[in-house]
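Report on the structure given below.
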Amino acid sequence: MFIGHFGAGFAGKKISKLPSLGTLFMASQFIDLLWPVFLLLNIEHVKIDPGNTAFTPLDFVSYPFSHSLFAVIVWGALFAGIYYWVKKDLKSSLLLAALVLSHWILDFITHRPDLPLVPGIDLKVGLGLWNSVPFTILAEGFVFAAGIFLYIKTTKAINKKGIYTLWGLIAFLTVIYISNIIGPPPPGVEPIGYIGLSQWLIVVWGYWIDRNRKSSGP
Ligand SMILES: [Zn+2]
């Protein structure tokens with residue numbers, strides 16, 4: 001899953017208005033922001049295998065430190081702990097922990113059984129929505145659109161930038177999503193790592209949007 005995770009980040013604003021959209025994105029996409037680092041360090045492994053599932057040409061051979069359920073719970077606790085230490089807001093911290101965990105749950109629905117529960121134990125899970133391209137697009141599109149809807153209901157642009165930056169990002173993510181579906185498989189593991197790392201720019205974009213919008217209502 002890709003844009004669905006950003007949908008979850010957008011939706012987070014409805015629950016707590018304190019964290020910036022950038023922080024919400026960082027949480028909901030956190031383990032996919034770590035994953036390219038582990039790939040490039042050769043700690044985790046992926047193979048390009050067109051047809052692995054109908055939706056993705058990637059075979060997630062091993063990613064216990066970014067994508068096992070146990071690791072994700074630890075990352076979520078760490079993320080929330082640091083936020084609480086800085087902002088002293090329990091509700092937002094719990095929301096961020098839930099968003100980190102939401103990534104694993106959405107991946108669990110979409111991936112074939114390649115998600116480990118605990119590092120070192122060979123039990124892997126996944127419901128395999130990716131075996132169907134139309135159902136994947138439907139489900140992921142719904143989560144993405146619902147998140148945007150909630151974010152727009154909860155915030156108001158305070159200037160023109162607050163509108164352009166938001167819709168610019170929505171268009172950008174949609175184009176990437178479509179080109180991932182219809183484009184050729186990635187040329188190698190290293191490019192996957194660098195493209196993955198570039199997702200940090202989407203987090204920065206989230207902060208940029210949030211600076212130009214304010215929460216409407218209490
Ligand atoms: Zn993931």
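If we scan the range 110-120, do we find a residue that is in contact with a Lys or Arg (Cβ under 8 Å, 6 or more places away or on another chain) and either within 24 Å of LEU24 (Cβ to Cβ) or of a type in the set (Val, Ile, Thr) (or both)?
The answer is yes; a qualifying residue exists.
Could you list all residues from the range 85-110 that are within 16 Å of the ligand (Cβ to nearest atom) and in contact (Cβ under 8 Å) with a residue 60 or more places away in the chain?
The answer is LEU99, VAL100, SER102, HIS103, TRP104, LEU106, ASP107, ILE109, THR110.
Only one of PHE142, PHE79 is within 20 Å of the chain's Cα centre (by Cα) and either among the charged types (D, E, K, R) or more than 16 Å from the ligand (Cβ to nearest atom) (or both). Can you tell me which?
Step by step, each of PHE142, PHE79 is checked, and only PHE142 is within 20 Å of the chain's Cα centre (by Cα) and either among the charged types (D, E, K, R) or more than 16 Å from the ligand (Cβ to nearest atom) (or both).
Taking helices (runs of 4 or more DSSP H) that do not extend beyond the range 152-218, which have at least 3 residues that are of a type in the set (Gly, Ala, Ser)?
Counting at least 3 such residues, we get 160-182.
Quick one: which residue in SER16, SER68, SER28 is more than 12 Å from the ligand (Cβ to nearest atom) and either within 22 Å of THR165 (Cα to Cα) or of a type in the set (Gly, Ala, Ser) (or both)?
When all the criteria are applied, what remains is SER16.
What pairs can you find where one residue is in the range 53-81 and farther than 30 Å from PRO19 by Cβ, the other is of a type in the set (Phe, Trp, Tyr) and not in a loop (DSSP other than H, G, I, E, B), and their Cβ atoms are less than 9 Å apart, with a gap of 6+ or different chains?
That search, which allows pairs on different chains as well, returns THR53/TRP130; ALA54/TRP130; PHE55/TRP130.
Output the residues belonging to the range 111-134 that are more than 16 Å from the ligand (Cβ to nearest atom) and not in a loop (DSSP other than H, G, I, E, B).
The answer is ASN131, VAL133, PRO134.
ASP122 passes all but one of (1) out of contact with any Phe, Trp or Tyr (no Cβ under 8 Å at 6 or more places or on another chain); (2) modelled with pLDDT of 95 or more; which number fails?
Result: ASP122 fails condition (2) only.
The values are calculated or read from the model by the stated rules, or taken from the named source; none is laboratory data. Predicted, not measured: the structure shown is a model, and the values here were computed from it. Reconstructed Cβ throughout: ideal geometry from the backbone, glycine too, with neighbour counts over all protein chains shown.
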